[in-house]
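What follows is a short report on a single structure.
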Amino acid sequence: MMLHTYVQCITGVTTTTQPAKIRNTEHTCKIPVTGLTIYPKRKLRKLVNKGEYADAIAFGTEIAPKFADDHDFMFIMGSTYFIVEEYEKALHYFEKALALNDRDLETLRLKTNVHLALGQREAAIGCIDRILDTEPGNDEALDLLERLRNT
């Protein structure tokens, strides 16, 4: 069951069709607002999942000021830039994500891959070390670390 939400255009007051009713209907236009509008990260994820990376980046850039302290947002944006091979921009977002949650293994894995794509071997090894600090038995990290140290 979906709860429909409407926005009162002039005043900017948000209300729902159940149980509240919009009072003062003067100058009111009811526009249905979907979950994608109420939850911009959901819209961002949907764009990425549909492969609409340019649109996702444009939308993410637009809403970025609202999510400056949101780890998930930083991870989504970093991942999107990683997919389109804009590694410097991906690195920027992954660093912000890690500043908000320095134990996120998935962000560390992707940041490792960004460093490798940029030819930053020592930085990649640093990320692997951080992964191993959090999860000492991580076989994938141990294998990659061994390969990097042997080349």
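The values are calculated or read from the model by the stated rules, or taken from the named source; none is laboratory data. Predicted model only: the values in this text are computed from it and were never measured. Cβ coordinates were reconstructed from backbone atoms using ideal geometry, including for glycine residues, and neighbour counts include every protein chain displayed.
Structure notes:
- Qualifying position, being under 11 Å from the mean Cα position of the chain (by Cα) and at pLDDT 95 or above, among 83, 57: 57
- Residue list for the stretch 118-129, restricted to those being among the aliphatic types (A, V, I, L, M) and loosely packed, with under 15 Cβ neighbours inside 10 Å: 118
Yes/no per residue for (1) in contact with a Phe, Trp or Tyr (Cβ under 9 Å, 6 or more places away or on another chain); (2) buried (at least 19 other Cβ atoms within 10 Å of the Cβ):
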site: 63; (1), (2): yes, no
site: 75; (1), (2): yes, yes
site: 94; (1), (2): yes, yes
site: 97; (1), (2): yes, yes
site: 103; (1), (2): no, no
site: 111; (1), (2): yes, yes
site: 116; (1), (2): no, no
site: 148; (1), (2): no, no
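- Residue among 37, 15, 25 that alone is modelled with pLDDT under 95, part of a helix (DSSP H, G or I) and surrounded by fewer than 18 Cβ atoms within 10 Å (Cβ to Cβ): 37
- Within the stretch 74-101, residues that are of a type outside the set (Lys, Arg) have Cβ atoms under 6 Å from residues that are not in a helix (DSSP H, G or I) in these pairs: 87/118, counting only partners at least 6 apart in sequence or on another chain.
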